[in-house]
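S.K.: Let me begin by handing over the structure; questions about it come next.
The values are calculated or read from the model by the stated rules, or taken from the named source; none is laboratory data. Not measured: the values here are computed from a predicted model. Using ideal geometry, Cβ is built from the backbone for each residue, glycine included, and neighbour counts are taken over all protein chains shown.
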Amino acid sequence: MLLAIFFKLVTLMEISNIVLQYLKVFLSWPVIALISIICFIKLFKEPISSFIHRLTKGEFCGVKLQASSPVEQKKEAEEIPQIQPENELERYVKNNPEKAIKTIIDISKKLRFERIFNIIF
């Protein structure tokens with residue numbers, strides 16, 4: 001009877017030691033730092049993405065970054081002229097249907113890549 005209780009205590013001690021070892025691993029600073037970085041990226045994904053899109057100048061080791069303000073970026077986007085009027089596009093598609101299809105497929109692939117890239121980052 002005493003031996004059975006002793007063996008139960010030993011196994012409980014071993015289990016508690018294993019649990020403590022796992023806690024030491026999961027609560028170590030690299031794991032906590034990784035979790036913190038992931039949470040930071042998830043929380044601030046939109047502002048970081050907006051800042052990256054607004055970057056105009058950069059440097060590497062000196063860490064000098066320059067970005068345009070969101071207002072300036074909107075003004076620049078409004079000032080961009082239309083590349084081709086609708087009539088020219090229709091004429092191009094009618095005259096070159098195979099090229100137009102290849103171009104559309106290429107653009108859709110690039111769009112999918114951009115969406116995946118934005119989801120990841």
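S.K.: Looking at this structure, is Gln84 outside any helix (DSSP H, G or I), surrounded by 10 or more Cβ atoms within 10 Å (Cβ to Cβ) and at pLDDT below 80?
M.R.: Spelling it out, Gln84 is indeed outside any helix (DSSP H, G or I), surrounded by 10 or more Cβ atoms within 10 Å (Cβ to Cβ) and at pLDDT below 80.
S.K.: Can you name the residue in the stretch 14-70 that is surrounded by 10 or more Cβ atoms within 10 Å (Cβ to Cβ) and of a type in the set (D, E, K, R) and is also farthest from Asn118 (Cα to Cα) among such residues?
M.R.: Here the answer is Glu14.
S.K.: How many residues are hydroxyl-bearing (Ser, Thr, Tyr), within 30 Å of Leu65 (Cβ to Cβ) and at pLDDT below 90 if we restrict to the stretch 1-52?
M.R.: Total satisfying the criteria: 2.
S.K.: Go over the candidates Glu59, Glu76 one by one and state the one that is outside any helix (DSSP H, G or I) and modelled with pLDDT under 85.
M.R.: Glu59
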